[in-house]
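**Student:** I'd like to ask some things about the structure below.
The values are calculated or read from the model by the stated rules, or taken from the named source; none is laboratory data. Keep in mind it's a predicted model, so treat the numbers as computed, not measured. Counting neighbours? That spans all protein chains shown, and the Cβs are built from the backbone with ideal geometry, glycine included. These accessible areas exclude ligands, DNA and RNA; they are computed on the full protein's heavy atoms, side chains included. Shrake-Rupley method; radii C 1.70, N 1.55, O 1.52, S 1.80 Å.
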Amino acid sequence: MDKVRYFIRVVIARAYVRVIGAQRELSWVIGDTLLPFLSVSAFVLVYRAMKAPPEYTGFVVLGGLLMTFWLHMIWTMAMQLFWEKEMGNLARYLMTPLSRPALLLGMALGGIIMTSSRAMIIYLASRLVFNMRFQVDEPWMAVGIFIVTLAALYGMGMTLSSLFFMAGRGVLYGMQLFYEPVFFLGGFYFPVRQLGMILATAAAALIPTTLGLDALRQTMLGAYRTGLLRPSVELAILTAMAIMFITISIIAVHRMEELGRRYGKLVLKEQ
Amino acid sequence: MAAGSIIEVENLRRVFRIDRMARREAGKELIALDDVSLRVQPGEIFGLLGPNGAGKTTLIRILCTLLAPTAGRAAIDGLDVVKDTARVRRLINMVSGGETCGYGILTARENLRLFTELYGIPWRVARPRVEYMLKVVGLEKKQSVRTNKLSSGMRQRLNFARGFINHPRVLFLDEPTIGLDVHSARQVRSFIKMWVSQHRDSAILLTTHYMFEAEELCDHVAIIDQGRLQACDTPAELKKSVQKQTTLELTIYGLEPLPESWHTLSGVIKLVARQDHVSQMTHLNAVCTSPEVSGELIRTVATDGRRLLDLRTVQPTLEDVFINLTGRSLTEVEMLPDIS
């Protein structure tokens, strides 16, 4: 079997676990769609009470959709190698000749498919309840921004998964500290420009969803044109971020394995 | 390295630096493997015997490319486990007893398929293997049941099946029958023997706590203790080394500790006691120079005011070999922490 086909098979095999898991355990429907929808609804109602223009409903819903991807990336994708080790699967994976980036990509792809179904439910519920409509002037631009945002976001997740793996359980507690600041800097429910250019630019440089969300709002909400940068510029920056994160993730996973072998951290003590 | 060996280990050493978290021991080093050398031939089941913390699992992890050695060299089919990791990984697989297999959300069959994909085996080739292995481990009727709904014994059998799915040249079995019921363990042992007889170019490296398992399965056995190889030979040869001595087993009522003088009795080479708190009895394993020493032992027990309940001569086992080499019983040995 040639290397490309083997790579693709590994990606699909690992993605399958997450996709099939989402189908078989439907408890996520409440936790991952109903609860985020309630948050979205609260902000929609606030903007409506303030008599904000109608596109602000779409503005909040888009924030809610991107937030589901962010939360999945940070809590699942970034912790994935750590959890695989805890489950005892990591040693079995690393003992096989599979491509490590293929493994990460499979985890990311599975996560994207699963989270997309959650995002779709939130979107459909928003349409139904708030009669929300997107007004997309440049559909291909919007699709491009969405795909590249996810590539940058999950590239970041693939990088973090190796870093968090080496840092161990302590990362779980450290993540709590970053939760609210990232939530704030992401601009999920307000125009990120309101942070001021310096803070907004810093946030956009660190968090792919900040920039992606800003660009999507500019392309999908008709009258909304108060973005941080022009969508085409944001798309170019996101593309650079995606390439950078994916490259770093490939280096990081190999480095993680090398250090893990040296210090005996690839398997659980009691295994 | 010798030609023809499928596993070659030369002067292997692995030292662990104790984690900062264990403050009292922080910065200290623990020698998990010390100058270990051994060779395994194709078509062989090679046993590694030793107590917990002896270094068996560390050795297996190095051979599985999951751990780097501190010094020395190890090779699988001539390929260095440090330099040729990618090629070594195509040749190996490992099953650890007590592990579960894959993801609970997947069915037994899906879990096996997942691993065939991870090894890059085309489904047309993998499918009959998956079906065969499910049959071998008695999970044919449970193949569509999610793994998290299987009993722990079934999950372990599934894990065992996973180990053979890529037709490895070298299979590492780390306590493969631990936790299995008698019938399942017997089936697993039968399959191991049959598999090796059908794959004469492959080999199995087995660790076990069960002496009878090692005696039943292994062509060669290496006894390892505190990171050092104590002996390596066929079970028959190892037992011969203690056969010139007589092993007596005495059962004494009560749990009082043995006086030091018992250990220095004339004709007694080694004396190991095991207390059974349930029956309130002490079992003595005495390695003696001749059967006549039994008289001296009986007199000593009586003089000390103890009640001798049973005395028998036992055929040497690998346990006796271990006692002879280390002065300790394999089952009773003080456990060392396994920090690997």
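**Student:** Determine whether B:Ala185 is outside any loop (DSSP other than H, G, I, E, B), open to solvent by less than 40 Å² (accessible area, probe 1.4 Å), within 30 Å of B:Asp320 (Cα to Cα) and in contact with a Leu (Cβ under 9 Å, 6 or more places away or on another chain).
**Tutor:** no
**Student:** Still on this model: What do you reckon, is A:Ala15 more than 9 Å from chain B (Cβ to nearest Cβ), assigned to a helix (DSSP H, G or I) and under 30 Å from A:Leu266 (Cβ atoms)?
**Tutor:** yes
**Student:** Something else: Counting only residues that are open to solvent by 10 Å² or more (accessible area, probe 1.4 Å) and more than 7 Å from chain B (Cβ to nearest Cβ), which one in the range A:93-109 is nearest to B:Gly120 (Cα to Cα)?
**Tutor:** Looking at the filtered set, the residue picked out is A:Ser99.
**Student:** Also: Could you grab me the full set of residues in the range B:167-182 that are open to solvent by 10 Å² or more (accessible area, probe 1.4 Å), under 15 Å from the mean Cα position of the chain (by Cα) and closer than 23 Å to B:Ser5 by Cβ?
**Tutor:** Across the range B:167-182, the qualifying residue is only B:Asp174.
**Student:** Ok, one more. Restricting to the range B:74-133, name every residue that is at negative phi, more than 7 Å from chain A (Cβ to nearest Cβ) and of a type in the set (Asp, Glu).
**Tutor:** Residues satisfying the conditions are B:Asp80, B:Asp84, B:Glu110, B:Glu131.
**Student:** If you go through the range B:263-289, how many residues are more than 31 Å from the chain's Cα centre (by Cα) and surrounded by fewer than 17 Cβ atoms within 10 Å (Cβ to Cβ)? Steps first, answer last, please.
**Tutor:** Looking only at the range B:263-289, we keep the residues that are more than 31 Å from the chain's Cα centre (by Cα), and these are B:264-267.
Imposing the further condition that a residue be surrounded by fewer than 17 Cβ atoms within 10 Å (Cβ to Cβ) reduces the set to B:264-266.
The number of residues fulfilling the criteria is 3.
**Student:** While we're looking at this one, here's another question. Which is open to solvent by 40 Å² or more (accessible area, probe 1.4 Å), more than 26 Å from A:Ala102 (Cα to Cα) and away from chain A (no Cβ under 11 Å), of B:Gly153, B:Gly138?
**Tutor:** B:Gly138
**Student:** Which one of these does A:Val4 not meet: (1) within 14 Å of chain B (Cβ to nearest Cβ); (2) in contact (Cβ under 8 Å) with a residue 12 or more places away in the chain; (3) over 19 Å from the mean Cα position of the chain (by Cα); (4) open to solvent by 50 Å² or more (accessible area, probe 1.4 Å)?
**Tutor:** (2)
**Student:** Does A:Trp83 satisfy being surrounded by fewer than 18 Cβ atoms within 10 Å (Cβ to Cβ), within 14 Å of chain B (Cβ to nearest Cβ) and within 25 Å of A:Pro181 (Cβ to Cβ)?
**Tutor:** yes
**Student:** Another question about this same structure. All but one of (1) open to solvent by 60 Å² or more (accessible area, probe 1.4 Å); (2) farther than 26 Å from B:Gly55 by Cβ; (3) in contact (Cβ under 8 Å) with a residue 60 or more places away in the chain hold for B:Thr247; state the number of the condition that does not hold.
**Tutor:** That leaves (1) as the condition not met.
**Student:** Continuing with this model, one more query. Can you pull out the residues in the range B:296-340 that are of a type in the set (A, V, I, L, M) and modelled with pLDDT of 80 or more? Reasoning before the result, please.
**Tutor:** Going through the range B:296-340, the residues of a type in the set (A, V, I, L, M) turn out to be B:297-298, B:301-302, B:308-309, B:311, B:314, B:318, B:321, B:323, B:325, B:330, B:333, B:335-336, B:339.
If the condition is that a residue be of a type in the set (A, V, I, L, M) and modelled with pLDDT of 80 or more, then B:Leu297, B:Ile298, B:Val301, B:Ala302, B:Leu308, B:Leu309, B:Leu311, B:Val314, B:Leu318, B:Val321, B:Ile323, B:Leu325 are the ones that fit.
**Student:** Sticking with this one: Out of everything in the range A:7-48 that is of a type in the set (Val, Ile, Thr) and open to solvent by 90 Å² or more (accessible area, probe 1.4 Å), what residue ends up being modelled with the lowest pLDDT?
**Tutor:** By that ranking, first place goes to A:Ile30.
Yes/no matrix, rows are residues, columns are (1) charged (D, E, K, R); (2) at pLDDT below 85; (3) open to solvent by less than 10 Å² (accessible area, probe 1.4 Å):
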| site | (1), (2), (3) |
| --- | --- |
| B:Arg13 | yes, no, no |
| B:Gln41 | no, no, no |
| B:Phe46 | no, no, yes |
| B:Gly50 | no, no, yes |
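**Student:** Can you list residue pairs whose Cβ atoms sit under 9 Å apart, with the first residue in the range A:19-35 being within 17 Å of B:Leu106 (Cα to Cα) and the second being outside any helix (DSSP H, G or I) and of a type in the set (Lys, Arg)? Count only pairs 6 or more apart in sequence or on different chains.
**Tutor:** These pairs meet every condition: A:Arg24/B:Arg146.
**Student:** Could you list all residues from the range B:279-333 that are acidic (Asp, Glu) and in a helix (DSSP H, G or I)?
**Tutor:** Those that are acidic (Asp, Glu) and in a helix (DSSP H, G or I): B:Glu296, B:Glu319, B:Asp320.
**Student:** Can you tell me which of A:Leu71, A:Leu66 is part of a helix (DSSP H, G or I), away from every other protein chain (no Cβ under 14 Å) and open to solvent by 20 Å² or more (accessible area, probe 1.4 Å)? Step through it out loud before you land on a result.
**Tutor:** Working: A:Leu66 fails: open to solvent by 20 Å² or more (accessible area, probe 1.4 Å).
From the options A:Leu71, A:Leu66, the qualifying one is A:Leu71.
**Student:** If the Cβ limit is 9 Å and pairs must be 6+ apart or interchain, which residue in the range A:245-265 that is more than 9 Å from chain B (Cβ to nearest Cβ) and farther than 13 Å from A:Met166 by Cβ pairs with which residue that is of a type in the set (Lys, Arg) and open to solvent by less than 20 Å² (accessible area, probe 1.4 Å)?
**Tutor:** Correct list of pairs: A:Ile250/A:Arg100.
**Student:** Next question. Condition check: within 26 Å of B:Ser190 (Cα to Cα), of a type in the set (Asp, Glu) and at the interface with another protein chain (Cβ under 10 Å from one of its Cβ atoms). Does B:Glu44 satisfy that?
**Tutor:** Here the answer is no, as B:Glu44 does not meet what is asked.
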